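The values are calculated or read from the model by the stated rules, or taken from the named source; none is laboratory data. Owing to the predicted nature of the structure, the values given are computational and were not obtained by experimental measurement. Virtual Cβ from ideal backbone geometry, glycine too; neighbours counted across all protein chains shown. Areas reflect the complete protein model, heavy atoms only, side chains present, ligands, DNA and RNA absent. Shrake-Rupley method; radii C 1.70, N 1.55, O 1.52, S 1.80 Å.
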Amino acid sequence: SDLMLYCIAVPRTRILATGGASHNKKILQVLSDVFNAPVYTIDTTNSACLGSAYRAIHGLVAETNVSLADVVKLAPQPRLAVTPTAGAEEV
């Protein structure tokens with residue numbers, strides 16, 4: 001299965017991993033260590049479709065200055081899967 005990644009550019013960067021490979025903790029740990037950021041997952045099927053739907057809704061309400069964050073605030077909450085290994089950023 002595909003692994004889709006969305007790096008959210010916020011003061012504290014985090015990675016949101018979805019897709020079949022997001023169930024593999026070893027892959028998630030590598031991502032966390034490489035990007036020195038915690039990795040979160042969402043337990044939902046067809047996550048690419050879900051993301052596309054949120055972007056479509058955001059596009060429809062763009063003229064009302066509604067932010068994408070406001071559009072997705074009712075989305076399933078991501079769960080913390082892994083955090084960076086101590087010292088990984090030095091490697």
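Structure notes:
- Share of carbon and sulfur in the accessible heavy-atom surface of the chain [1.4 Å probe, %]: 58
- Each residue of segment 25-41 is assigned a 3J(HN,Hα), and the resulting list reads 4, 5, 5, 4, 5, 4, 4, 4, 5, 5, 8, 6, 8, x, 10, 10, 10 Hz, derived from the Karplus form 6.51 cos²θ - 1.76 cosθ + 1.60 (θ = phi - 60°), x at Gly and Pro.
- With Cα atoms, 0 to 90° folded angle of helix 47-60 axis to the chain main axis: 40
- Chain lengthening between THR13 and VAL91 when straightened (0.36 nm per residue, less Cα-Cα): 26.2 nm
- On full extension, the segment bounded by ASP70 and ASP43 gains 7.7 nm, given 0.36 nm per residue less the C-alpha separation.
- Amide H to amide H distances under 5 Å link ALA81 with VAL39, TYR40, THR41, where only residues 5 or more positions off or on other chains count and H is placed in the peptide plane.
- Computed magnitude of the charge dipole of the chain (debye, nearest 20; Cβ of K, R +1, Cβ of D, E -1): 180
- For segment 3-82: relative contact order, % (alpha-carbon pairs under 8 angstrom, 6 or more apart): 31
- Span from the segment 26-63 Cα centroid across to the segment 68-87 one, whole angstrom: 8
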